[in-house]
1. Shape verdict for region 608-719, please, from the Cα gyration tensor: rounded (a/c under 1.5), prolate (a/b greater than b/c) or oblate.
2. Determine the principal axes of the Cα atoms in region 459-590, then give the extent along each, sorted from largest to smallest and rounded to whole angstroms.
3. So, with +1 on the Cβ of K and R and -1 on the Cβ of D and E, and no other charges, what is the size of the charge dipole of region 157-209 about its Cα centre, to the nearest 20 debye?
4. Where does the chain land on Rg(C-alpha)/(2.2 N^0.38 Å)?
5. Can you find, among Gly361, Pro407, Ser39, the residue sitting farthest towards the positive end of the charge dipole of the chain, where Lys and Arg contribute +1 and Asp and Glu -1 at Cβ?
6. Which helices, counted as full DSSP H runs in the chain, have an axial Cα extent of no less than 24 Å and a Kyte-Doolittle average of -1.0 or above?
7. Cross-link candidates for Lys59: which aspartates and glutamates have Cα within less than 12 Å, leaving aside residues fewer than 8 places away along the same chain?
8. Quick one: length gained pulling Asp513 to Arg430 fully straight, 0.36 nm per residue minus the C-alpha distance?
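Please treat every number below as a calculation from the coordinates, not as lab data. Computed from a predicted model, the values in this text were never measured in an experiment. As a convention, Cβ positions derive from the backbone with ideal geometry for all residues, glycine included, and neighbour counts pool all protein chains shown.
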Amino acid sequence: MSISILTDRISIETKNTLYVMQMLDGVLPIHLYYGKKISEDQLPAIAIDKPRSFSPYFKINGKKYSFDNLKQEISFYGYGDFRATALRVLDITSGSDVTNYKFNRANSFSGRKEILGLPYSEGKCETLELVYEDEVTQSELYLYYTVFFDTDVIARYFVLKNNGNKELKILKAMSLSLDLPDGEYDLISLRGKYNYERTAHRDPIYGGNHRIMSRRGSSSHHFNPFFMVVDRNADEETGDAYAFNFVYSGSFLDEIELGQDGLRIMTGLGDECFSYLLKQGESFSSPEAVMTYSEKGIGQASRNMHNFVRSSILPDSRDKKRPIVLNSWEAVYFDIDQQVMLDFAEEAAKTGIDTFVMDDGWFGARRNDKAGLGDWTPTPELFPEGLAKFVEKVHSKGINFGIWIEPEMVNPDSDLYRAHPEWVLRDGGREPLLSRNQLVLDMANPEVVEYLKKSLDKCFDGIDINYFKWDMNRNMSNAISPYLPVERKGETQYRYMLGVYDLFRWFKKRFPDAMLENCSGGGGRYDLGMMKYSTQIWTSDNTEAKYRVHIQHGSSYGYPMSTMSCHVSNCHGQCEDERMLDYCFRVAINGPLGYEFNILKVEPKVKDIISKQIEEYRSYEKLILNGDFYRLKNPTVDGCYAYYITNSDQTEILIAYLQNNSDPSETEHILKIFSAKAELNYRNTVTNEILSGAALRAGIKVKADTAERYGITWHFVAE
Ligand code: GLA
């Protein structure tokens, strides 16, 4: 059992970590320790300073304590804890937003409970349940800790039940709260913007409150919910590293506060884009947040997350070959023509590309981004014999077929909007703002979700579609659901996500054989909520390899390579230059490979090169999808990006060195392959040269090139 509940102590063990709470005077669980496994006598003494001056206190068994300096499992607003708190609940009748949830009982069970309507982690696990009660509001709080022993991950969420006769409103909801001791910490976060998402930033954590958040209704290109808190001296190989993420795709808040008594770390829905009315007898479930720890540095914390995402979040697709797609978007944009599409499919099939994806522009009046979105009917002029016949023809070329959809949105110039102007998010008297000429459907309205199910069902019924690309191309403004009653308008964004997840669940059941790739203008919803339903995510709309290395490097902190859909494109004439084409390919094999350019316009030799690339990629695809990933060089800091991947027994290793800019000084980089087994001999599968594991551990030397865009990979197998 990884959970032990004693009268004075509750502890959780995973393969390499230990999490301990101490029962203060037998009645209040106080956070004591989270870190590497240590023995009982090494545990810190519970740090309870006497309440400081100015700190309000309470008494247990005659002893004074203050919430102002106790480390807590969950904290409440208004009752003496002046740090950022996890939960703020308003009693609407009395106007008070003070609560004091007192611990009542703890129990554990194998497996986990379902979180109704929301995505959550699954697999072999055990769960700890702590139950608290607030006497005045008569509400019960259930804290859940689901323990994934093998991957060193603890997942947390809460359920709040209103058992009383008052109406309550949740004003702030944080799913995970962790109080760490005072120390010197750095924050690693993934920041960016559209077309340049998730670049890794490392900043010292200074005193004060630091909030990483999205108010956009999606987890966003700008601030990803994933972050790490690491020891100031930690590096890829050594030092304490804590990593956190949120299994949710909407607005969120990561809050990190360094104050007089240590560091408080929280992840949840926050307090700006969320409130929730809890009537008598109702309960509310927060989304799940997850955390891991490693004493072996930032790299191992990333690998813990990779293992966890692969085993407990992603749909089961680990050992399956991924499709290698040719996507029509960058080749023709909205200019869809049936014959051209069939020619694309035919040419693609000859190269070893196995799936042709028809992107935007195939339905309703969608000839550009100004019209037709929402009308999920193939345009009759484009497909006079219907979509089914066209897809049959694609298949007859010996290739699978995929298609683009964006179910959550509508153009005002569409039949759907003309029929239902009340089905979009809008606030009272104001005209909602447009973005990319589109409005956001009110997914908080079950009628809208049901309509979409019917519409997609009718559109794709009986058609053999092997892959869907599900897009979402704007952020929310005027984010008020016309459907919800006045007192529930603050629930719009949360209920929007429930509607989206409902549609995803239906979709996966309705089209069980099709693979789903998520997208939001590239990586605007690159999060664990989306990953629950999608095998991979379109990493970024930026297909210029030079910028992609930063995006892929940043993404690797929290997300496994198997999620990062990577295409070789022709956005800067890469196909006219063999060196560039090779560089793009070396960059793209950081995840599932695909292509995105006009295959009818490239020289025959480009197609030969693509065939060879595909053969090479397939020869080590398993490693890319399932291997252990080690970062070696950070493109932002080191002028090059380098990494390696190994299989679980280190008998196969793929090493990549990628250099964006010319380096006239020809810097010599040494890539040390720490995981190589010293006693083994490794054969380079291209040159057949043999290198000992010891030599790989000592490092491969690479001289930086004087020209731009230089990439090499080495693939070794043990003899
Ligand atoms: C988004 C996607 C692109 C493409 C377009 C189509 O921007 O990220 O890949 O699908 O939409 O409109």
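1. In terms of gyration-tensor shape, oblate.
2. 60, 36, 25
3. My answer is approximately 440 debye.
4. So the chain has a normalised radius of gyration of 0.99.
5. Selected residue: Ser39.
6. Helices meeting the criterion: 492-510.
7. Asp25
8. Taking 0.36 nm per residue and subtracting the Cα distance, the gain is 25.6 nm.
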